[in-house]
Amino acid sequence: MLDIFQQVNKSDHKPLYEVEFSQDACGYEILINGVPLHRYLLFGSVNEQRIPINDHILTSGKQEIVIRLFPPQLSDQSWSPTLVDVTKFKIKVIHYATDSPEDNPKQVFEFSTDNKPGTEKFLGSGQKVFEFKGTFDAEVPYHLEGWRNSKDLSKEDPDKLLKEAIAAYNNFRNVLIKKDVNAYAALMYDKEVELAKAFYWYTPKESKKRWDEMSATVREKREILPLKDFKMVLYAGGKVLALQPTSEMYKDYLSAIHAQTEDNDVQVSFLLHKKAGSNELTPIR
């Protein structure tokens, strides 16, 4: 892990892209180029949350963004069967000329929910799902392989694929349970190379900082919860796979691997793919 900086090209041009969004009275899922960025389904609202998205931008050019809205959880913990009149969602993609969020912000995409003509009621009120697809242009100095040429897993036997995914998830769980930092580094190496390129971590100091943070997380005192109550989901046209929780408590998690510390439930990202020419499921994000 400490040598990853050597694979990152140094550039004076270090653009940063992030989404800024707010939501009320709905669940939501945000996907960039077919891969989930963030999802929230439980009760509550969000006001101007921000998430960097460079690791979802594989190369310069047109990028796809998808927003899916779902019926909200209500204050009594029950679920509305449909989206409601007061559902609202707004999202922007912001471009910064360098990797500092204070430098030259420029909005390159915006979406906000519309109301039914002549009313203040959400256009999708009464629907079970509302989806919007849009695009924005991005210019970055790197090229990530990502999932562009990964195998289409939708063409594989689903039962066999599910068994492979469960085995991959359990292998990762065992690495976390044993706090095996060397096995963790080997498993996550290719993913970390892409993250380093996307966020311009091109110095030995940055590689060391990243590894120190990761190894500390692996060694942290926490309980890795059992793999149960999940479903297999494919993204990016079948090229990216996740096992996702179906239980009410964790249904908005993108990965069925999660941990508990003394204070928090922690979602552990574990999206898989098969590289072109490979039959092994490995982490991609």
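Before moving on, here are some points about what is shown:
- Restricting attention to the stretch 91-118 and to residues that are open to solvent by less than 40 Å² (accessible area, probe 1.4 Å) and of a type in the set (Gly, Ala, Ser), the residue that is modelled with the lowest pLDDT turns out to be 100.
- Test: residue in the stretch 189-207 that is open to solvent by 70 Å² or more (accessible area, probe 1.4 Å) and in contact with a Pro (Cβ under 9 Å, 6 or more places away or on another chain): yes
- Strands (runs of 3 or more DSSP E) contained in the stretch 84-189 and holding at least 2 residues of a type in the set (Val, Ile, Thr) and under 30 Å from residue 24 (Cα atoms): 88-96
- Residue in the stretch 5-24 that is open to solvent by 50 Å² or more (accessible area, probe 1.4 Å), assigned to a strand (DSSP E or B) and at positive phi present: no
- Scan of the stretch 26-57 for residues that are surrounded by 21 or more Cβ atoms within 10 Å (Cβ to Cβ) and either without any contact (Cβ under 8 Å) to a residue 24 or more places away in the chain or over 14 Å from the mean Cα position of the chain (by Cα) (or both), ordered by number: 26, 27
- Subset of the stretch 65-83 [in a strand (DSSP E or B), open to solvent by less than 70 Å² (accessible area, probe 1.4 Å) and among the hydrophobic types (A, V, I, L, M, F, W, C)]: 65, 66, 67, 69, 70
- Any hit, the stretch 127-140, residues being touching a residue at least 60 places away in the same chain (Cβ under 8 Å), more than 22 Å from residue 59 (Cα to Cα) and of a type in the set (Phe, Trp, Tyr): yes
To keep it simple, each residue is scored yes or no on (1) touching a helix residue (DSSP H, G or I) at 6+ places or on another chain (Cβ under 6 Å); (2) of a type in the set (Val, Ile, Thr); (3) exposed (fewer than 12 other Cβ atoms within 10 Å of the Cβ); (4) modelled with pLDDT of 95 or more.
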residue: 127; (1), (2), (3), (4): no, no, no, yes
residue: 133; (1), (2), (3), (4): no, no, yes, yes
residue: 137; (1), (2), (3), (4): no, no, no, yes
residue: 146; (1), (2), (3), (4): no, no, no, yes
residue: 159; (1), (2), (3), (4): no, no, yes, yes
residue: 166; (1), (2), (3), (4): no, yes, no, yes
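- Members of the stretch 208-222 found to be among the basic types (Lys, Arg), surrounded by fewer than 13 Cβ atoms within 10 Å (Cβ to Cβ) and assigned to a helix (DSSP H, G or I), listed by number: 209, 219
- Matching option when the condition is touching an Asp or Glu at 6+ places or on another chain (Cβ under 9 Å) and under 30 Å from residue 5 (Cα atoms), among 210, 219: 210
- Hits in the stretch 236-257 (condition: buried (at least 21 other Cβ atoms within 10 Å of the Cβ) and part of a strand (DSSP E or B)): 240, 241, 242, 243, 245
- Residue identified as surrounded by fewer than 18 Cβ atoms within 10 Å (Cβ to Cβ) and in contact with a Cys (Cβ under 9 Å, 6 or more places away or on another chain) among 121, 62, 88: 88
- Taking residues in the stretch 265-285 that are assigned to a strand (DSSP E or B), and partners anywhere that are of a type in the set (Phe, Trp, Tyr), the pairs with Cβ atoms closer than 6 Å and at least 6 places apart or on different chains are 267/253; 273/147.
The values are calculated or read from the model by the stated rules, or taken from the named source; none is laboratory data. Model, not experiment: these values are computed from the prediction. Heads up, the Cβs are rebuilt from the backbone with ideal geometry, glycines too, and the neighbour counts pull from every protein chain shown. The accessibility values were calculated without ligands, DNA or RNA, using every heavy atom of the protein model including side chains. Shrake-Rupley method; radii C 1.70, N 1.55, O 1.52, S 1.80 Å.
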